[in-house]
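Input: a single structure, listed below in structure tokens.
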Amino acid sequence: MRLVAVEISPQGNAILITGKNAAGKSSVLDAIMAVFCGKKYQPTKPIRDGEDHAEVVVETENYIIKRTFTASGGGTVTVSNAEGMKASSPQGLLDKLVGEIAFEPMAFYKDSRDVKRQRQQRDTLMKLVGLDFADIDREIADVKTQRSAVKNSKETYELEANQIPQPDNMPEQEISLKELTEKLTAATQHNEKQAEVGKQISDAANYGTSLKEKLEENKELIANLKQQLLNAEKAQIEGENKFEAFRIDSEKLVASSEPVIDVAAINKEIEEADTMNEHVRLTNQRKELLKKSAAKSREFAELGKKMKELEAGKVEKLAAVKMPIEGLSVNEVTILYNNIPLAQVNDSMQLQIAVAISMALNPKLRVILMKGNDLDSANLETICKMAKEKDYQVWIEKVSDDKKNKTGFIIEDGTVVPPDAEGTLFSDKEKVASKD
């Protein structure tokens, strides 16, 4: 790192580390981070060029922490109290003491201005306060997927139903084609029988005509052939008897005959029934589709109700969490302050919220490290006021080459510039010392 040898004994709540770029300001804050947080925040190259070792010592109200670094990559850490007792597990003790010292208020503050990072900012806050909607969000996602599928099914059923034509005056049930077919078969058999009877009647009529002609011939034979009279009379009597029997049989056949049934009419009736049955089937199909659509509508509504219940669960979870500052909450995409998106809250309030979160994460150590190049004088004053009110120590790194209006501790070439006048911007009690 860039430091040669620096000793700072801060007084008050705000400690400003200033100087030009590459003077070693960041190294001061990085050294504090390395002491408390260990290897996960240790710089890749902690030792200044030309040196073979380095060390950082931090004194707090209750502890003295010392961390050393060697050129080979090794080092040690010790934590002792005023009586000289050393902790058996120094890093474990520091981890309990430090909390989330790595939280950078200014980075969080800047995220509000980046639309793409607002959701990440929201997730950061939720993680810091232990608010986890993952289980509810998964349920909501599943319900949304189900609702989408139900909605698609409902719309499909309705579309299919509306594509089915609906003639007027449709019967509820299909016409029985079986009954009509049986009716057609019976009519056909009846007509065949009557056709046979008709043929018999025709044959009988022809036969009767033949017998009648024969009688006429016999009469002529009686007149012309008296010798054959007896035979002719006998034949006449037989013919008359046969004719009488035929007449009786003919009358019976005529009496037993029935009108021919109109088969064409029955065939037409079957055709009409088939058409009607197709309409009935389509009507019933449409009714079934609309019934399914209605069921999906009910299912969609139930899933909507479930989503509201899940959202209510998120509200309950949110209400149960203690936020770092009153009025903070979250929605699906961003952080809210008094129900206003954080990006739309004034800059001063955004900064106060970021610092308040950082303070909430460090209740034991009560120290915050900040990069303050983007802080104007008003915001700097706001942070100093918050630090004093909450009794926190805020270390702020800020680029400045103004030696005349000295503020805080000026770092130059890896050392602290000795003060040429008493007092600083923040506290006239701050003591500054430098050693080689």
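What follows is calculated from the coordinates using simple rules that are stated; it is not laboratory data. All of these numbers come straight from a predicted model, not from anything done at the bench. Cβ: placed from backbone, ideal geometry, glycine included. Neighbour counts: every protein chain shown.
Summary of values
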read-out	value
Candidates 355, 150, 280: whichever shows maximal mean-square fluctuation once the chain is modelled as a Gaussian network with Cα springs under 10 Å	280
Net charge contributed by nearby residues that have their C-beta within less than 15 Å of residue 111 (K/R +1, D/E -1)	+3
Selection from 343, 245, 207, by position along the positive dipole direction of the chain (Cβ)	343
Rounded tilt (10° steps) of 229-256 against the dominant C-alpha axis of the chain	20
Ordering of 374-381, 296-303 by packing [mean C-beta count within 10 Å, highest first]	296-303, 374-381
Reported label for calculated percent of Cα pairs over 35 Å apart given (1) 34; (2) 26; (3) 62	(3)
Ranked packing of 281-289, 27-35, most packed first, by mean Cβ within 10 Å	27-35, 281-289
Dipole of the chain, positive direction: furthest Cα of 107, 130, 162, with charges on the beta-carbon	107
Euclidean distance between Cα centres, region 120-194 to region 269-326, Å	10
Degrees separating the helix 347-360 axis from the principal Cα axis of the chain, which is the longest one	80
Neighbourhood charge, 12 Å Cβ-Cβ cut-off, centred on residue 149 and excluding it, Lys, Arg +1 and Asp, Glu -1	+2
Top of 389, 172, 233 by mean-square fluctuation, Gaussian network on the chain, Cα under 10 Å	233
Helix axis angle, 25-37 relative to the chain longest principal axis, alpha carbon, degrees	70
Under 12 Å, Cβ to Cβ, from residue 294 - net charge with Lys/Arg +1 and Asp/Glu -1	+3
Calculated from backbone phi, Karplus (6.51, -1.76, 1.60) coupling profile of region 178-190 in Hz, x at Gly/Pro	4, 5, 5, 5, 4, 4, 5, 4, 4, 5, 4, 4, 4
Cβ-based charge dipole, the chain, positive-most Cα from 90, 187, 357	90
When each of 127/322; 154/291; 116/317; 110/388 is checked by Cα-Cα distance, pairs over 21 Å	116/317; 110/388
Check: region 39-118 dipole with +1 on Lys, Arg Cβ and -1 on Asp, Glu Cβ, in debye	380
CD proxy at 222 nm, helix term only [per DSSP H run n ≥ 4: -39500 (n - 2.57); per residue of the chain; nearest 500]	-19000 deg cm²/dmol
